[in-house]
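Step one of this worksheet: look at the structure below.
The values are calculated or read from the model by the stated rules, or taken from the named source; none is laboratory data. All values reported here derive from a predicted model rather than from experimental measurement. Reconstructed Cβ throughout: ideal geometry from the backbone, glycine too, with neighbour counts over all protein chains shown.
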Amino acid sequence: MILRSVILLLLLLVIDLYVFSGVKFLTRNLQPVGIKLVWLGYWSVTAICFTIIIWGLFVDWNYWPKAIRTYSFAFIFVTYFSKLFFIFFLFLDDIFRVLRWFSEFIFPTKENIETASEAPSKTSFTRTDFLVRLGALIAAIPFSALIFGMIKGKYEYQVRKVKLHFTALPDAFKGFKIVQISDIHSGSFMDANPLTKAVEMILEVKPDIIFFTGDLVNDKYEELLPYKEILATLSAPHGVYSILGNHDYGDYYQWSSKADKENNLSKLIAAHREMGWELLLDEHRRIEKNGAHISVIGVQNWSARMNFARYGNLNKSLEGINFSPFNILLSHDPSHWQAEVAGKIKEIDLTLSGHTHGFQFGVEIPGFKWSPVQYIYKEWADLYTSGKQHLYVNRGLGFLGYPGRVGILPEITVFELNKS
């Protein structure tokens, strides 16, 4: 642990020294007092980041106050992520410098020699000026966006309305309204107001049924307690159904014993039921309306990516099922769809997933959608179709790690089922 931290600190120091070379260049024409203030501010930020990391070596971050822990590491992330953009342009400038030096060394000319002997003018504007200033400007964009995402974006809930048409949908379910939420990550919230707002928005929609597709907590059952009463107010005529996500099993927390981990999961499972949610653990249920029925299948977390655990068993969830004319699968990780559902179990018409959060960072404008998570997950947000089967990936209601959202905003999905 100490060795990894030392390596990390050395790497960050190299980044800081390299970026500082650009800062010195940008401030070279300032008054001495201005230069000192800029330099002091720059290294003060570095000192704060290093102090946070070193402090974490001696005091387990799990015992830090939640707000300090969350925003301390967010501060480090935002700072160095933005510096990487600046480094790109500094490195580009250095490449030009090396190529120019190499060219002049191999092919020396009188003009080159005279130019090299002249001191650069304070008023001249060179390629270096352009690249370094452009780098600083570009770096300011993600820095500002990430800060804004922390202040506002993380609670800017979006109600996304999706109309779906299915040939086999029973007539009684025409216009049936489903609300899907996912990835609440209650351990990331600082107070109850945002979740209260989200619950009110869901109830205003007046859904016929509500589905929650996993990750109620970050690690521990106790994270849910301040919000349990609020979430228990979620209701719909045909019930609230839920499944577990990868974070709900407590795999990312250092438990003192296996029994503690198992007890944590047992309490979380009980909490679902205490809130009035029907938790499906590799099970299925039939939803009836006016003599017709559809089926809801809930599988525990199962991922096609081997770095995530496979607790779910789709075959078990289908044991004894008499498929309805229309069938919905709740599965937290969207990679499960291609691996075990699409083209394989054709009776499953619609799969609802979450997990990706859309990386909480990206660009969404009409006709264009991008996020870094798309290089990891083929299906990462919105609706996907294979034959007559559909997958919808919810962008998540909460957040994890970075306490904000930029471009990819938190989502409440409202589906209206129609007959095609």
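Sort out for me the strands (runs of 3 or more DSSP E) sitting completely within the range 320-420 that have 3 or more residues that are outside the structural domain of Leu146 (by TED's automatic domain parsing), farther than 26 Å from Ser295 by Cβ and not small (Gly, Ala, Ser).
Details: elements: 327-330, 350-353, 363-365, 368-370, 382-386, 389-393, 411-419.
Because the criterion is at least 3 residues that are outside the structural domain of Leu146 (by TED's automatic domain parsing), farther than 26 Å from Ser295 by Cβ and not small (Gly, Ala, Ser), the strands (runs of 3 or more DSSP E) in the range 320-420 that meet it are 363-365, 368-370.
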(message) Pairs please, first residue from the range 241-260 and farther than 10 Å from Lys220 by Cα and touching a residue at least 24 places away in the same chain (Cβ under 8 Å), second anywhere and among the hydroxyl-bearing types (Ser, Thr, Tyr) and buried (at least 24 other Cβ atoms within 10 Å of the Cβ), Cβ atoms under 9 Å, 6+ apart in sequence or on different chains.
(response) Ser242/Thr213; Ile243/Thr213; Ile243/Ser331; Gly245/Ser182; Gly245/Thr213
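Going through the range 221-268 one residue at a time, which ones are of a type in the set (A, V, I, L, M, F, W, C) and surrounded by 14 or more Cβ atoms within 10 Å (Cβ to Cβ)?
Restricting attention to the range 221-268, the residues satisfying the condition of being of a type in the set (A, V, I, L, M, F, W, C) are 224-225, 230-232, 234, 236, 240, 243-244, 255, 259, 265, 268.
Residues satisfying the conditions are Leu224, Ile230, Leu231, Ala232, Leu234, Ala236, Val240, Ile243, Leu244, Trp255, Leu265, Leu268.
So which residues in the range 341-362 are touching a residue at least 60 places away in the same chain (Cβ under 8 Å) and either closer than 30 Å to Met150 by Cβ or within 22 Å of the chain's Cα centre (by Cα) (or both), if there are any at all? Break it down into steps so the answer makes sense when it comes.
Of all residues in the range 341-362, those touching a residue at least 60 places away in the same chain (Cβ under 8 Å) come to 349-350, 352-355, 357, 360-361.
Listed by number, the residues that qualify are Leu352, Ser353, Gly354, His355, His357, Gln360, Phe361.
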(request) Please give the number of the condition Tyr377 fails out of (1) under 26 Å from Val217 (Cβ atoms); (2) free of Cβ contacts under 8 Å to residues at least 24 places away in the same chain; (3) aromatic (Phe, Trp, Tyr). (result) (2)
(message) Cβ-Cβ distance below 6 Å, separation of 6 or more or different chains: which pairs start in the range 326-340 with a residue that is free of Cβ contacts under 8 Å to residues at least 40 places away in the same chain and surrounded by fewer than 24 Cβ atoms within 10 Å (Cβ to Cβ) and end on one that is part of a loop (DSSP other than H, G, I, E, B) and of a type outside the set (Phe, Trp, Tyr)?
(response) Asn327/Glu347; Asn327/Ile348; Asn327/Asp349; Ala339/Ala304
(request) All but one of (1) more than 21 Å from Ile408 (Cα to Cα); (2) of a type in the set (A, V, I, L, M); (3) in a loop (DSSP other than H, G, I, E, B); (4) at pLDDT below 95 hold for Leu131, so report the exception by its number. (result) (3)
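Considering only the range 8-40, state which residues are of a type in the set (D, E, K, R) and part of a helix (DSSP H, G or I). Lay out the reasoning, then the answer.
Narrowing the range 8-40 to residues of a type in the set (D, E, K, R): 16, 24, 28, 36.
Asp16, Lys24, Lys36 - these are the residues of the range 8-40 that are of a type in the set (D, E, K, R) and part of a helix (DSSP H, G or I).
Could you tell me which of the residues Ala304, Ala309, Ala271 is without any contact (Cβ under 8 Å) to a residue 60 or more places away in the chain, among the aliphatic types (A, V, I, L, M) and more than 22 Å from Lys228 (Cα to Cα)?
Details: Ala309 fails: without any contact (Cβ under 8 Å) to a residue 60 or more places away in the chain; Ala271 fails: more than 22 Å from Lys228 (Cα to Cα).
Result of the check over Ala304, Ala309, Ala271: Ala304.
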(request) Go through the range 301-334 residue by residue and tally those that are under 27 Å from Leu417 (Cβ atoms) and over 23 Å from the mean Cα position of the chain (by Cα). (result) 15
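Please go through the range 62-82 and pick out each residue that is more than 19 Å from the chain's Cα centre (by Cα) and surrounded by fewer than 14 Cβ atoms within 10 Å (Cβ to Cβ).
If the condition is that a residue be more than 19 Å from the chain's Cα centre (by Cα) and surrounded by fewer than 14 Cβ atoms within 10 Å (Cβ to Cβ), then Asn62, Tyr63, Pro65, Ile68 are the ones that fit.
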(request) Within the range 385-407, count every residue that is closer than 22 Å to Asn193 by Cβ and among the aliphatic types (A, V, I, L, M). (result) 3
(request) Can you tell me which residue within the range 285-300, out of those that are more than 20 Å from Phe415 (Cα to Cα) and touching a strand residue (DSSP E or B) at 6+ places or on another chain (Cβ under 8 Å), is surrounded by the fewest Cβ atoms within 10 Å (Cβ to Cβ)? (result) Gln300
(message) Restricting to the range 183-220, name every residue that is surrounded by fewer than 22 Cβ atoms within 10 Å (Cβ to Cβ) and either under 17 Å from Glu278 (Cα atoms) or outside the structural domain of His332 (by TED's automatic domain parsing) (or both).
(response) Asp208, Ile209
